[in-house]
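Written below as structure tokens is the structure these notes are about.
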Amino acid sequence: MGEWDGRTVLITGAGRGIGRAEALYLAAVGANVVVNDPGVAVDGSGGDRGVAEAVVAEIRAAGGAAIADAGSVADWDGARGMVERAVAAFGDLHAVINNAAVEVNRAVDRLTEAEFDDVVAVKLKGTFAVSHWAAVHWRERHVAGARVDRAILNTASGSGLLNPLPGQSNYAAANAGVAAMTIVHALELSRFGVRVNCVSPSMVRTRLTAAVPGMDRPAADFGPDPRDPMVVAPLAAYLVGAGCPLTGQVLSVRGGGIAVDNGWSRGAELHTDGVLWTESELAAGLSTLDLPDPFATLADALGGALGASGRAELETMIAAGLDD
Ligand SMILES: NC(=O)c1ccc[n+]([C@@H]2O[C@H](COP(=O)([O-])OP(=O)(O)OC[C@H]3O[C@@H](n4cnc5c(N)ncnc54)[C@H](O)[C@@H]3O)[C@@H](O)[C@H]2O)c1
């Protein structure tokens, strides 16, 4: 009996990319998989039920167990429906992988209210909505006496955690929110035996990264392609498997590398005792502290150091990407 045999896993956005790879991997190791995906375009428009159904057909052809769900995670009733469908089809729900996302990248001065809301609705509210309805089901089972390992695996991004990218007010903020919510839910849901973790993939070849320079380059080394969506699947499967002890962790995955993301942490400090700071004291005090430079962080994420003229070059590059 494997760690996934007979466990039912609901994966959102599992019709393409990383979610699809997770669905194929988990079905291959014995899990029942609910493949959720409304089959929308990158910006969330349109829809195609065939996207989720194609993954289900692939799983069944290989001898696995899966059902399709074309609901939207951003829709409260849609999120409830996918949890209920999982339980109705397989008798219980053991894990949720919140993976769905859409992107609309635009400068803060151009991004519309709807474009902000739509991206946050899928990534942040969608993660909450599916986790909420799963938690409702798990509370009922727990009160009824069931003691089973349950898990939520959220999906964040370096744009939000390590190097928020220009043009991604909506996406970066939503991903940072997902990481914070992971900790909140890990602390809350342990009372029902639910572990909650988060993966943060990086440089995986999907339609979201199609425009990133170098993504289409073949793998340099012999071995598994480090940009294939399948690189995330073993870690995702481990984190939702019955034998995994981890909870409250945010782990970055890039190729074969896995890193613990420590999140915001307290840096250098200043103190005043018994009196309010004056502005001149603040200016003097803060100037002595080692402060992070967001431009240097971005340059580092792009693979180069910020040289003497680097800041100006980077500002020109950012403007070129954001302005018409
Ligand atoms: N590709 C990368 O390198 C990378 C990097 C960082 C984070 N991520 C994260 O990984 C996850 C998967 O991304 P991907 O690269 O595979 O993208 P993708 O576009 O290939 O797959 C995302 C899927 O989510 C689905 N989806 C969109 N809106 C939905 C909704 N309302 N309800 C349910 N499903 C919905 C889409 O139809 C799509 O099939 C996302 O959460 C993304 O933020 C990816």
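The values are calculated or read from the model by the stated rules, or taken from the named source; none is laboratory data. From a predicted model like this one, the values you see are computed outputs, not experimental measurements. All Cβ positions, even for glycine, are placed from backbone atoms using ideal geometry, and neighbour counts span all protein chains on display.
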Next item on the list: Filter the stretch 36-55 down to residues that are small (Gly, Ala, Ser) and not in a loop (DSSP other than H, G, I, E, B) and give me whichever is nearest to the ligand (Cβ to nearest atom).
Entry: ALA52
Next item on the list: Taking only the stretch 254-277 into account, find how many residues are surrounded by 11 or more Cβ atoms within 10 Å (Cβ to Cβ) and either on the phi > 0 side of the Ramachandran plot or not β-branched (Val, Ile, Thr) (or both).
Entry: 7
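Please pick out the residue among ALA210, ALA186, ALA236 that is free of Cβ contacts under 8 Å to residues at least 12 places away in the same chain, closer than 22 Å to ALA172 by Cα and of a type in the set (Gly, Ala, Ser).
ALA210 is the lone residue from the list that is free of Cβ contacts under 8 Å to residues at least 12 places away in the same chain, closer than 22 Å to ALA172 by Cα and of a type in the set (Gly, Ala, Ser).
Would the stretch 211-218 turn up any residue that is within 14 Å of the ligand (Cβ to nearest atom), within 25 Å of LEU24 (Cα to Cα) and surrounded by 16 or more Cβ atoms within 10 Å (Cβ to Cβ)?
no
Which is in a loop (DSSP other than H, G, I, E, B), assigned by TED's automatic domain parsing to the domain that holds GLY17, within 18 Å of the chain's Cα centre (by Cα) and not small (Gly, Ala, Ser), of LEU246, LEU251? Quick ask: steps written out before the conclusion?
Numbers: LEU251 fails: in a loop (DSSP other than H, G, I, E, B).
Just one listed residue meets the conditions, LEU246.
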